[in-house]
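The values are calculated or read from the model by the stated rules, or taken from the named source; none is laboratory data. Small disclaimer: the values here were computed from a predicted structure and weren't measured. Neighbour counts are summed over all protein chains in view; Cβ atoms, including those assigned to glycine, are modelled from backbone coordinates with ideal geometry.
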Amino acid sequence: MLQSQVSIASASIDWRQTLEDVYRGRHTHAFKSGNQIPMVSHDLWIVCRGIVQLGTLFASGDEAILGFVYPAMPFGLPLTQLNPYEATALTDVVLMRLNQVELETSPLLAQGVLQQLCRRLQQTEALLALISQRRVCDRLQELLLMLKQEVGQDTPTGVRLDVRLTHQQLANLLGTTRVTITRLLGSLREEGWLSIDHTRHLVICDSPPPG
């Protein structure tokens, strides 16, 4: 029974097993929510647990959020040409560091990293597509639905996003202002599309309550 389940499992499950085999007994790195994650020019980070936010800064001092890195995904300086390129623990995270020598000597490890880079590419394209929408409300809903798919947890009242984003972070992602995001979130709550639980996490409702 177990063998049949494994045979139909997704490639990401196989990759996570590979990661477990690689980092069994080796040192991992834990960062608290809000901590900056140091970057090393020739090394990759792999997320074992938690969510990492990637971003950069413009000359004006404004911040741009580039996306999120979920468990099993890689990030690091070898994967970007942006400068500065910053990574922040959006939740408490546990990371594993891989160097290029390890990737070059392990085809299985390199294949797994490539798989997860494809996930990153799909996420980036989805973010670009939603940002191109004219109405900010449409952008916001599409972003929340993306997060629902990646970090949603089923609850009796809907799907709870297992990460807390500030109104400013949402605004930076969508190219708008914090005031606009606050207003739109209020409207979505009034419509019954969205609610906020007692821990201040957003919950996407399965269906609006009757009027």
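Taking each residue of segment 172-184 that is part of a loop (DSSP other than H, G, I, E, B) and looking for partners that are of a type in the set (Val, Ile, Thr) with beta-carbon atoms closer than 9 Å, six or more apart or interchain, yields GLY175/ILE131; GLY175/VAL136; THR176/VAL136.
Mind checking whether some residue in segment 20-33 is touching a Ser or Thr at 6+ places or on another chain (Cβ under 8 Å), surrounded by 14 or more Cβ atoms within 10 Å (Cβ to Cβ) and modelled with pLDDT of 90 or more? No, that holds for no residue. Of the residues in segment 140-160, none is in a helix (DSSP H, G or I), among the hydroxyl-bearing types (Ser, Thr, Tyr) and surrounded by fewer than 18 Cβ atoms within 10 Å (Cβ to Cβ).
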